[in-house]
Amino acid sequence: MAEHNETGRRGEDLATAFLLSKGYGILERNWKSGRKEVDIIAQDGADVVFVEVKTRSAEDVLPAADAVDARKRQRIIAAAEAYVLSRRLNLTPRFDIVTVVGHTPNQQIEHIVDAFIPPLRTHR
């Protein structure tokens, strides 16, 4: 496995453990709908939380959270819509970002709750 894939997997493992420690229930990991993927799908009370995990060995030029650009958000939102429809969920969707920077055991984990809100759709 390529080093960046191992770094990403390690970050997702740490993010999962972090969310579990905060009382979240983990519903899915690496859930896919076509070419779209959500790293972690969790439940926090009445919310279904779609979590994008960004892992860096060090805080590079671009902060990890800034790597979730508009295009990436749109893919996460589309995958989330497919997930909610496929599971017929009656939970409020929320979009969070978890960043993991550094190496174990000194990594820094940041959880950004409600990191972005999907645009409202207008029906005509």
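Collect the residues in the range 11-33 that are without any contact (Cβ under 8 Å) to a residue 40 or more places away in the chain, under 13 Å from TYR83 (Cα atoms) and of a type outside the set (A, V, I, L, M, F, W, C), keeping them in residue-number order. Break it down into steps so the answer makes sense when it comes.
Taking the range 11-33 as the starting set, the residues that turn out to be without any contact (Cβ under 8 Å) to a residue 40 or more places away in the chain are 13, 16-17, 20-21, 23-27, 29-30.
Add one more test, that the residue is under 13 Å from TYR83 (Cα atoms), and what stays is 27, 29-30.
Scanning the range 11-33 gives ARG29, ASN30.
Which condition number does ARG124 fail, the rest of (1) in a helix (DSSP H, G or I); (2) at pLDDT below 90 being met?
(1)
Out of (1) crowded, with 17+ Cβ neighbours inside 10 Å; (2) free of Cβ contacts under 8 Å to residues at least 60 places away in the same chain, what's the single condition that is false for ASP114?
With respect to (1) crowded, with 17+ Cβ neighbours inside 10 Å; (2) free of Cβ contacts under 8 Å to residues at least 60 places away in the same chain, ASP114 is out only on (1).
For the range 94-124, enumerate the residues that are under 17 Å from GLU37 (Cβ atoms) and within 12 Å of the chain's Cα centre (by Cα). Don't jump to the end; show me each part of the working.
From the range 94-124, those under 17 Å from GLU37 (Cβ atoms) are 95-98, 115-116, 118; that's our starting set.
Of everything in the range 94-124, those that are under 17 Å from GLU37 (Cβ atoms) and within 12 Å of the chain's Cα centre (by Cα) turn out to be PHE95, ASP96, ILE97, VAL98, ALA115, PHE116.
The values are calculated or read from the model by the stated rules, or taken from the named source; none is laboratory data. Please read these numbers as outputs of a predicted model, since none were measured by experiment. Using ideal geometry, Cβ is built from the backbone for each residue, glycine included, and neighbour counts are taken over all protein chains shown.
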